[in-house]
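Report on the structure given below.
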Amino acid sequence: MDWNTMLSYNWGAMMPEFIILGTTMALSILDLFWPVHFNRRKLAWLALTGIILAGLSLISLLSFETVSILSDTFRLDSFAKAFKLLLLVGAGLIILLAEGYEPKEGLREHRGEFYYLFLTALLGAMIMSSSGDLITLFVGLELLSLSSYILVGIRKRDRASNEASMKYVINGGISTAITLFGMSYLYGVTGSVNLGDMSRTMAGMTDGQLQYIIGLAFFMVFVGLSFKIAAAPFHMWAPDVYEGAPTPVASFLSVISKMAGFVILLRIFLSLFLTAPGDVFGALDFLEKNDGYIATMAGLTIIIGNVIALRQQNVKRLFAYSSIAHAGYLLVAVATLGGGYFLIDTVWYYLLAYVLMNIGAFAVIQLLSSQSGTEDIGMLAGLGRKSPLLALAFTIYILSLAGIPGTTGFIGKLNIFLGTFITEPGHFVLAGIMIAGTIVSYVYYFGLLVQVFFRPIHFEGAIKIRPGVSAVLIICAIGTVIFGIAPNIAFDFIHEQFGDFTDFISSK
Amino acid sequence: MNVYLLSLLVFSPLLGILMISLMPKKEERTIKQFGFFGTLPPLILSFFLCSQYYSGVALSAFSIKVDWIRFGNLEMYDPKLFAVNYELGLDGLSLSFILLTTIVSSLAAMASIYIKQGWKGYYLLFLILEIGMLGVFTAENLILFFIFFEMTLVPAFFLIGRWGFLEREKASYYFLIYNGIGSAVLLVAILILFARTGTTNIAALTQMMTMGGVSLFAPISSSMKYGLCLAFLIAFAIKLPVFPFHSWMVRVHAEAHPSIVMVHAGVLLKIGAYGIIRFAMGIFPEQYESLALALVLMGVISFLYGAWLAMVQTDFKLVLAYSSISHMGIVMMGLGALNEAGLQGAVFQVISHGLIAALLFFLVGALYERTGSTMLPNLGGLARSMPVFSGFLLACGLASLGLPGMSGFISEFMVFLGLFKGQPLLAAIAVIGLIFTAIYILRAVMLMTFGKNDSLEEKEKRDIEGWELVPALVLLGLIIAIGVYPNLLGGPIQSTIEAVMLALGGR
């Protein structure tokens, strides 16, 4: 590849990534050379500026046609734009959370590292959502994973944090290896790593032997990615890691990392397995034929997540299981392929809801656990009397997580259900499991609200809220309500900007 | 102006919510006043609507329809596909339920003066609850109905769990889980209809399900129609509740604060009956017809079972709770009778029981305020110390057991009239329940007014007086008015009932 081809690429399409990369480098250099006594907390604002600028440049790119550069390894298509937007929103909120994070033993010496590692993880997630090639997908995944391993263990002197980091490295390593192994089969079968080429090659594979290998690759990739999205039975790491990780990192794992997992899942499944034939006659596509496996996993994830969450006393563990359950709901949409009409926009909307409600809830957890010195459910006790506004915001997030009408969570679930019922025959069992899971989740979600409103005050002293955190609380609460009452703001936006996401794979 | 009237009605409690949320927590008197005043705008608006109706304005003139949500990206096929509009509407049936809601809510807000702590939160939740109830009865599509339906669930959970008696939290969990399961079943049914037809408008769905001839996204087979009808029936049978779904309601009646139970027994349970008439009967008349026998059976069982258990209770609240189950059994019997008399009787019973239950629980609240107990053995001899109270109690008890001249008689009479026409054998069995009813009500009232008093300390008891007479007189007045002049209620609901009967085959 000579210099002229390099120059001929439309590098503007990568602007958001370049901005994040530049901010990361600026942060690491500043952190290195600034005197030790200088408070690194201010760096958060620089990181936030980077994220906002990246967001703005992404918005200016929205009107662009699909751009594909670097021989189709990097694609800026509707899918990439839509999910990068969500990733940036989530990341901006979490940076604000991290700015206000103040653990007992202090984070002073590593605070700078925290911010730039966070940005590299974000960069990995963004690359993943934009890649049209298995190699870039995998590089993005690794960038995200490696950064988050360190982030989990960033409270160096804390035993739980170290343990969590160790567990995460080992589990993550295994999952990455499995994914890569699956990908290698795909490469072997198709002779290419470009998703578009692979898709076209696989579309003609009606040979039973090859289909067997494709099936093997499918399971490998699916299992590997299930670790990432914490779907049962590969969810075991999540509660321990969430518990040990600093709260902003836990919210990062449950929101950004999970979102990235779904992005890569959709990329691979929709571009490869949706076109591959499912039997020797080519009557069904691979994904339709094998949706039972995804459906089983989705059902299992919903049941395990919700039922085990009932017994949790630690709030972070509880939210770990709750986020497992939500991964299950999202997998329902993937398993049913949204009935053909409700897939990418459904997942997108649900993730939007999930970003808002989950980060909001984690903001409250972070505030209370740092001031009460415990992460027990009891820390929420009496919040309604102590700080009615904070309690109101928390109630909004929880109601949304529980899927009560009037919140985004409800509309998100509605979309998923529509996808399960619209086909003939409908996925009634899966829908039944999902709704039963929702009812079970009422018990623990409302259990939190019982603490907030019915129990006497747990700890004295006013709750101090830093401006960044209060901005997160307000944005999340308002967003949850607005998108719940007038969801068409989001629906119209996504349908007008991205249509049906038809530019999903390159059509060379 | 007319088209905004219904939205104004439904959301008018927001005014009260705004006023209360601006008040400091400690201002008990002002908050209580604002709480009561907050229920007045919907009351006045509902009276205005009622007067419009009587002056001959067609109720359809108040309908409103605004674009709201469009799911999926299917606009190129048909812009109406998967569109959910914000649409409110009114007919005679919903008008009578709305009047019941606004009247009972205002009176319950008055009775809430007995609330001892946390007034601010209480009244905020109370007014949100009222918005939900008003919305349920005006919603013109299933999604909107469901949203308002759930909107009653959350405030009710907190109201029961925070301001009730000793085991209130347990009761509120029972309430949440049972109603949650009911809503889940309802939601599944709604969404199957929505996913396969692309609309949730009740009128459009009724058209599609009864007439057919519209191409659907995926077919709704006839067995699926049975399933959907059954789902609606189960969801609303839990809400109503009838045997065997009743256990949550007994707990709520026993443990929640009496002013909440006024609303709960007076209005919330009635959503169940409203839903059955509107959805199960309205959208799936054919399937409903073949399931009707099961409904009658459930109704008869609840009627007898509730009455039987009410005879042996020692807590007056529990007597009333089981009596509610028994009376909801009557509603179910009327709904299952499949003829005009039965259906009319069922609606009459719903409204009449709403008023009677509200009055009875108002009296319970007043009584508990004075004696600190609702156990029958502790309450003997009230006729001496509280003659006016005892008078109201007796009058209300008589209304409840169906004394001619009161609303309870009209409804029970019509239900049995209808049932004897349709299912004479079951009707004959059910009649025994009328005797049970007389026994348990008279037993409880006698024990309280004239019975021996076991409690050692003789507390100073004031009779009900002053403002307390207002709710008692208003409710009793309405009960007698409907009893003496049934057309007061029969008129408005007539057109809806005729429409439903027509779909059922007009027997």
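The values are calculated or read from the model by the stated rules, or taken from the named source; none is laboratory data. This one's a predicted model, so the numbers in the text were calculated from it and none came from an experiment. FYI the Cβ positions are ideal-geometry reconstructions off the backbone, even for glycines, and counts take in every protein chain you see. To get the accessible areas, we keep the full protein, side chains included, count just its heavy atoms, and leave off ligands, DNA and RNA. Shrake-Rupley method; radii C 1.70, N 1.55, O 1.52, S 1.80 Å.
Values for this structure:
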{"item": "Filter result for residue A:466 (in contact with a helix residue (DSSP H, G or I) (Cβ under 8 Å, 6 or more places away or on another chain), in contact (Cβ under 8 Å) with a residue 40 or more places away in the chain, within 13 Å of chain B (Cβ to nearest Cβ) and surrounded by fewer than 18 Cβ atoms within 10 Å (Cβ to Cβ))", "result": "no"}
{"item": "Tally of residues being more than 19 Å from the chain's Cα centre (by Cα) and open to solvent by 60 Å² or more (accessible area, probe 1.4 Å) across segment B:394-422", "result": "7"}
{"item": "Pick from segment A:1-37, criterion touching a strand residue (DSSP E or B) at 6+ places or on another chain (Cβ under 7 Å) and in a loop (DSSP other than H, G, I, E, B), ranking: most open to solvent (accessible area, probe 1.4 Å)", "result": "A:10"}
{"item": "Count of residues meeting criterion [at the interface with chain B (Cβ under 7 Å from one of its Cβ atoms), part of a helix (DSSP H, G or I) and more than 21 Å from the chain's Cα centre (by Cα)] in segment A:396-435", "result": "4"}
{"item": "Qualifying residue in segment B:45-55 (condition: surrounded by 19 or more Cβ atoms within 10 Å (Cβ to Cβ), touching a Leu at 6+ places or on another chain (Cβ under 7 Å) and of a type outside the set (Ser, Thr, Tyr))", "result": "yes"}
{"item": "Matching helices (runs of 4 or more DSSP H) fully within segment B:1-111 where at least 1 residues are free of Cβ contacts under 8 Å to residues at least 40 places away in the same chain", "result": "B:2-11, B:13-21, B:28-38, B:40-54"}
{"item": "Residue among A:439, A:478, A:474 that alone is within 8 Å of chain B (Cβ to nearest Cβ) and in a helix (DSSP H, G or I)", "result": "A:439"}
{"item": "Answer from B:129, B:74, B:95 - the residue that is open to solvent by less than 10 Å² (accessible area, probe 1.4 Å) and within 28 Å of residue A:453 (Cβ to Cβ)", "result": "B:129"}
{"item": "For residue A:223: the one exception among (1) touching a residue at least 60 places away in the same chain (Cβ under 8 Å); (2) open to solvent by 10 Å² or more (accessible area, probe 1.4 Å)", "result": "(1)"}
{"item": "Any hit, segment A:364-385, residues being surrounded by fewer than 24 Cβ atoms within 10 Å (Cβ to Cβ), within 12 Å of chain B (Cβ to nearest Cβ) and in a helix (DSSP H, G or I)", "result": "yes"}
{"item": "Test: residue A:346 is in contact (Cβ under 8 Å) with a residue 12 or more places away in the chain, in a loop (DSSP other than H, G, I, E, B) and among the hydroxyl-bearing types (Ser, Thr, Tyr)", "result": "no"}
{"item": "Test: residue in segment A:80-98 that is open to solvent by less than 20 Å² (accessible area, probe 1.4 Å), assigned to a strand (DSSP E or B) and touching a Phe, Trp or Tyr at 6+ places or on another chain (Cβ under 6 Å)", "result": "no"}
{"item": "Breaking point among (1) open to solvent by 50 Å² or more (accessible area, probe 1.4 Å); (2) charged (D, E, K, R); (3) within 12 Å of chain B (Cβ to nearest Cβ), for residue A:460", "result": "(3)"}
{"item": "Helices (runs of 4 or more DSSP H) wholly inside segment B:163-246 containing at least 1 residues that are more than 13 Å from chain A (Cβ to nearest Cβ) and open to solvent by less than 40 Å² (accessible area, probe 1.4 Å)", "result": "B:202-211, B:222-239"}
{"item": "Scan of segment A:221-258 for residues that are within 18 Å of residue A:297 (Cβ to Cβ) and assigned to a helix (DSSP H, G or I), ordered by number", "result": "A:221, A:222, A:223, A:224, A:225, A:226, A:227, A:228, A:229, A:237, A:238, A:258"}
{"item": "Subset of segment B:286-327 that is among the aromatic types (Phe, Trp, Tyr) and out of contact with any Cys (no Cβ under 9 Å at 6 or more places or on another chain) - its residue that is surrounded by the most Cβ atoms within 10 Å (Cβ to Cβ)", "result": "B:303"}
{"item": "Filter pass, residue B:158 being surrounded by 23 or more Cβ atoms within 10 Å (Cβ to Cβ), facing chain A (nearest Cβ under 7 Å) and in contact (Cβ under 8 Å) with a residue 24 or more places away in the chain", "result": "yes"}
{"item": "Tabulated pairs, segment A:66-80, first on the phi > 0 side of the Ramachandran plot, second surrounded by fewer than 18 Cβ atoms within 10 Å (Cβ to Cβ), C-beta under 7 angstrom, 6+ apart or interchain", "result": "A:70/A:9"}
